[in-house]
Amino acid sequence: MDKINKFLKKIFIENGDVTYRLVCKDGFKISIGASVFHHCDPCKNKAWPYKSVQLNFPSELDDLISDYVQDPKEMGNVYSYVPIDIVNELIEKHGGIVE
């Protein structure tokens, strides 16, 4: 299982959360969600490994996810069905997850 899916599973098991504000080592922050309430694949609870997830409210804009924004007029909003490979690349670009 990839890093993001492992992280989501760990957060859910520890806290019961389906949405989490992820912090990267360079200070980049973004909310990540995967459940029946999110734009993800599969759109189910506890369905690891997810193929895509929903990202929300990045602390800064990033070209890696700009194609997935729900409303281009509001770039800080919701990013739907972002492939896990892109999310892993985004996290690595920002130095990895602060745990």
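The values are calculated or read from the model by the stated rules, or taken from the named source; none is laboratory data. Since the structure is predicted, the reported quantities are computational estimates derived from the model, not experimental observations. All Cβ positions, glycine included, derive from the backbone under ideal geometry; neighbour counts span all protein chains shown.
Among the numbered criteria (1) touching a strand residue (DSSP E or B) at 6+ places or on another chain (Cβ under 6 Å); (2) at pLDDT below 95; (3) among the aliphatic types (A, V, I, L, M), which single criterion is violated by LEU61?
Of everything listed in (1) touching a strand residue (DSSP E or B) at 6+ places or on another chain (Cβ under 6 Å); (2) at pLDDT below 95; (3) among the aliphatic types (A, V, I, L, M), LEU61 misses just condition (1).
For the chain, which strands (runs of 3 or more DSSP E) that fit wholly inside it have 2 or more residues that are surrounded by fewer than 19 Cβ atoms within 10 Å (Cβ to Cβ) and among the β-branched types (Val, Ile, Thr)?
19-23
Just checking, does region 69-78 include any residue being touching a Lys or Arg at 6+ places or on another chain (Cβ under 8 Å) and not small (Gly, Ala, Ser)?
no
What number of residues in region 55-99 are of a type in the set (A, V, I, L, M) and within 16 Å of ASP2 (Cβ to Cβ)?
So the answer is 9.
When you check ASN88 against the structure, is it modelled with pLDDT of 90 or more, within 15 Å of VAL18 (Cα to Cα) and out of contact with any His (no Cβ under 7 Å at 6 or more places or on another chain), yes or no?
no
Quick one: GLY76 ticks every box in (1) in contact with a Leu (Cβ under 9 Å, 6 or more places away or on another chain); (2) modelled with pLDDT of 95 or more except a single one, so which number is it?
Status for GLY76: all satisfied but (2).
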